[in-house]
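The values are calculated or read from the model by the stated rules, or taken from the named source; none is laboratory data. This is a predicted model, so every value here is computed, not measured. Methodologically, a virtual Cβ is constructed for each residue, glycine included, from the backbone with ideal geometry; neighbour enumeration extends over all protein chains shown.
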């Protein structure tokens, strides 16, 4: 069994990300000697009967973004209290990005900070959500508006978990992989699955190490996400996150071209990579309103200074604030008319 370990270097809060088939066998090693109890947060249908060396209790949260709320955090916290979980114990998140977001936030708040280990079971979780310490839940007004930066003590990416994923979940992960393609230029699809996941972890880690709390460079990881989050909210979360990111990447290219930041050939390249290379949809689904999407984008947590996007340029993607709402409206209207 060949396992690869990528270390996220954050000083005394550094942690390993173990990637490979059978990586779950490394879980016991991540649980510290002082731990007496483990709270396992997961969802139905996810294989979570993992062997643990200490007392554990399983907490099952419902599927869907409707569960990613403060009420779920309250419910988990009450469960932690009933089992006697302390800050010297550990929360283990077993699932995709929603589970790691929720469990990570619950751990960050429980006793003002309890260790968390992420066992990612989806491609999206492995290449993005489980890495970097961003946790949070949604409000009706927007995605991930309430949360915390809380780094895990370790991450497990057992590729065996991907064999049972539906095609839609694999596409969801590919949206984030495509994002890394534009940020680095890496030909990630030429790599084996294990190499691809490990390389995505390295890319994500490099941004996190330079800018843990998203004050600068890490914000580039939001490429495609401004429209993506709006699409998820306005569409009632019918689009999976990675699918929405793919559409957001292509729209960002059109917006960058409208601002004379990139050539039309570069826009075509975004279309080619998203649609042909990664096989993802690149158009807004029918039935959505331009104004509703604009309103959702204006409430995005990144919009600290007007509408904010990550936009491509001849020097690569950059964070651009105070983008004209009239220009975004015009570009989005044109983009949504494309077939």
So, first residue farther than 28 Å from residue 231 by Cβ in the stretch 65-88, second residue at pLDDT below 95, Cβ within less than 6 Å, six or more apart or across chains; the pairs are 88/34
Kindly indicate which of 63, 58 is farther than 17 Å from residue 152 by Cβ and in a strand (DSSP E or B).
-> 58
Note on the stretch 5-34: residues touching a residue at least 60 places away in the same chain (Cβ under 8 Å) and in a loop (DSSP other than H, G, I, E, B) are 9, 10, 21, 22, 31, 32
Out of 161, 178, report the one residue that is within 18 Å of residue 222 (Cα to Cα) and in contact (Cβ under 8 Å) with a residue 12 or more places away in the chain.
-> 178
Within the stretch 303-320, the residues that are touching a strand residue (DSSP E or B) at 6+ places or on another chain (Cβ under 6 Å) and under 17 Å from residue 248 (Cβ atoms) are 307, 308, 309, 310, 311, 317, 319, 320
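Let's see how each residue does on (1) within 23 Å of the chain's Cα centre (by Cα); (2) on the phi > 0 side of the Ramachandran plot; (3) outside any strand (DSSP E or B); (4) touching a residue at least 12 places away in the same chain (Cβ under 8 Å):
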{"position": "267", "(1), (2), (3), (4)": "no, no, yes, yes"}
{"position": "273", "(1), (2), (3), (4)": "yes, no, yes, yes"}
{"position": "292", "(1), (2), (3), (4)": "no, no, yes, yes"}
{"position": "310", "(1), (2), (3), (4)": "yes, no, no, yes"}
{"position": "313", "(1), (2), (3), (4)": "no, no, yes, yes"}
{"position": "329", "(1), (2), (3), (4)": "no, no, yes, yes"}
{"position": "332", "(1), (2), (3), (4)": "no, no, yes, yes"}
{"position": "338", "(1), (2), (3), (4)": "no, no, yes, yes"}
Check on residue 40, in the same structural domain as residue 93 (by TED's automatic domain parsing) and touching a helix residue (DSSP H, G or I) at 6+ places or on another chain (Cβ under 6 Å) | no
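Conditions tested, residue by residue: (1) farther than 19 Å from residue 121 by Cα; (2) in contact with a strand residue (DSSP E or B) (Cβ under 9 Å, 6 or more places away or on another chain); (3) loosely packed, with under 13 Cβ neighbours inside 10 Å.
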residue: 38; (1), (2), (3): no, yes, no
residue: 47; (1), (2), (3): no, yes, no
residue: 58; (1), (2), (3): no, yes, no
residue: 63; (1), (2), (3): no, no, no
residue: 74; (1), (2), (3): yes, no, yes
residue: 80; (1), (2), (3): yes, yes, no
residue: 89; (1), (2), (3): yes, yes, no
residue: 100; (1), (2), (3): no, yes, no
residue: 104; (1), (2), (3): no, yes, no
State whether one or more residues within the stretch 167-180 are more than 29 Å from residue 269 (Cβ to Cβ) and in contact with a helix residue (DSSP H, G or I) (Cβ under 7 Å, 6 or more places away or on another chain).
-> no
From the list 61, 131, 117, pick out the single residue that is assigned by TED's automatic domain parsing to the domain that holds residue 16, within 21 Å of residue 221 (Cβ to Cβ) and in contact (Cβ under 8 Å) with a residue 12 or more places away in the chain.
-> 131
Please give the number of the condition residue 200 fails out of (1) surrounded by 21 or more Cβ atoms within 10 Å (Cβ to Cβ); (2) out of contact with any strand residue (DSSP E or B) (no Cβ under 8 Å at 6 or more places or on another chain); (3) over 22 Å from residue 281 (Cβ atoms).
-> (3)
Going through the stretch 224-258 one residue at a time, which ones are modelled with pLDDT of 95 or more and in contact with a strand residue (DSSP E or B) (Cβ under 7 Å, 6 or more places away or on another chain)?
-> 226, 252, 255, 256
If you check residue 96 against the conditions, is it within 16 Å of residue 150 (Cα to Cα), in contact with a helix residue (DSSP H, G or I) (Cβ under 6 Å, 6 or more places away or on another chain) and not assigned by TED's automatic domain parsing to the domain that holds residue 230?
-> no
